[in-house]
Amino acid sequence: MSIKIHIISTSASEESRSRKCIPFLTRFLEENHAEISQSDIRYFTPLWIDDRDLVDFPVEYQELYKKIEEVDGVLFVFPIYNYTISSAAKAISEVIGDALEGKPVAFLAAAGTNRSHLAVTDFMKSMMFEQDTLCFPKFVMVTKEDFNEDAVSDAVVKKIKEFSDGFFKFVIKNND
């Protein structure tokens with residue numbers, strides 16, 4: 001049985017710290033024989049969230065919704081600004097919310113400090129209570145101190161490995 005996991009990157013920054021972690025997530029999940037697909041918010045049309053139907057959103061959001069329906073798990077990779085998740089992460093979760101119902105979801109965030117961890121838990125609570133997602137109870141938080149000359153530190157790579165392995169097992173258990 002092949003496990004399919006989709007990674008959604010919601011940072012618009014070219015120098016995104018969260019996005020720099022994606023190759024490690026991908027490698028470790030593929031080592032567990034997961035099939036990985038990805039979306040990057042930089043290639044999506046910016047939008048406002050309102051009460052329109054999915055068919056009225058730009059086509060890339062409709063395609064993402066269909067992709068999320070097909071996969072076994074979802075990883076949100078996003079920045080935290082001013083102690084809250086990026087507006088892009090929240091917008092994506094709102095558009096594809098129905099596709100996330102009953103779906104295992106995990107989070108990797110980049111922030112200025114580790115004190116921003118509460119922003120991730122707010123996102124998790126919103127998704128659990130509003131969209132009935134199955135949130136993996138651990139997440140990875142990276143800060144600028146986790147990078148050595150713009151490269152991800154060995155300590156963070158180890159943290160991403162443990163996180164990826166745990167999420168993979170979580171997805172398997174919740175897809176049985």
| said: Every residue in the stretch 63-89 that is in contact (Cβ under 8 Å) with a residue 12 or more places away in the chain, under 14 Å from PHE123 (Cα atoms) and surrounded by fewer than 18 Cβ atoms within 10 Å (Cβ to Cβ), please. | reply: TYR83, THR84
| Output for the stretch 51-62, where each listed residue is acidic (Asp, Glu) and surrounded by 13 or more Cβ atoms within 10 Å (Cβ to Cβ) | GLU60
| note | Going through the stretch 14-50 in order, the residues found to be closer than 11 Å to PHE168 by Cα and buried (at least 19 other Cβ atoms within 10 Å of the Cβ) are LEU25, PHE28, LEU29, ALA34
| Of ILE172, ILE96, which residue is of a type outside the set (Gly, Ala, Ser), surrounded by 13 or more Cβ atoms within 10 Å (Cβ to Cβ) and under 13 Å from the mean Cα position of the chain (by Cα)? | ILE96
| message | Could you go through the stretch 135-146 and let me know if any residue there is exposed (fewer than 14 other Cβ atoms within 10 Å of the Cβ) and closer than 16 Å to SER16 by Cα. | response | yes
| query | Given the conditions (1) surrounded by fewer than 19 Cβ atoms within 10 Å (Cβ to Cβ); (2) touching a helix residue (DSSP H, G or I) at 6+ places or on another chain (Cβ under 9 Å); (3) among the β-branched types (Val, Ile, Thr), and given that VAL105 satisfies all but one, which numbered condition is not satisfied? | reply | (1)
| Does any residue of the stretch 52-62 turn out to be in contact with a helix residue (DSSP H, G or I) (Cβ under 9 Å, 6 or more places away or on another chain) and basic (Lys, Arg)? | no
| Selected residue (only one of VAL120, VAL171 is farther than 16 Å from ALA34 by Cβ, touching a Phe, Trp or Tyr at 6+ places or on another chain (Cβ under 9 Å) and not hydroxyl-bearing (Ser, Thr, Tyr)) | VAL120
| query | What is the residue count in the stretch 1-59 for residues that are within 18 Å of SER87 (Cβ to Cβ) and in contact with an Asp or Glu (Cβ under 6 Å, 6 or more places away or on another chain)? | reply | 3
| query | For the stretch 146-166, how many residues are of a type in the set (A, V, I, L, M, F, W, C) and at pLDDT below 95? | reply | 5
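The values are calculated or read from the model by the stated rules, or taken from the named source; none is laboratory data. None of these values were measured; they are calculated from a predicted model. No Cβ is skipped: glycine too gets one built from the backbone with ideal geometry, and neighbour counts run over all protein chains shown.
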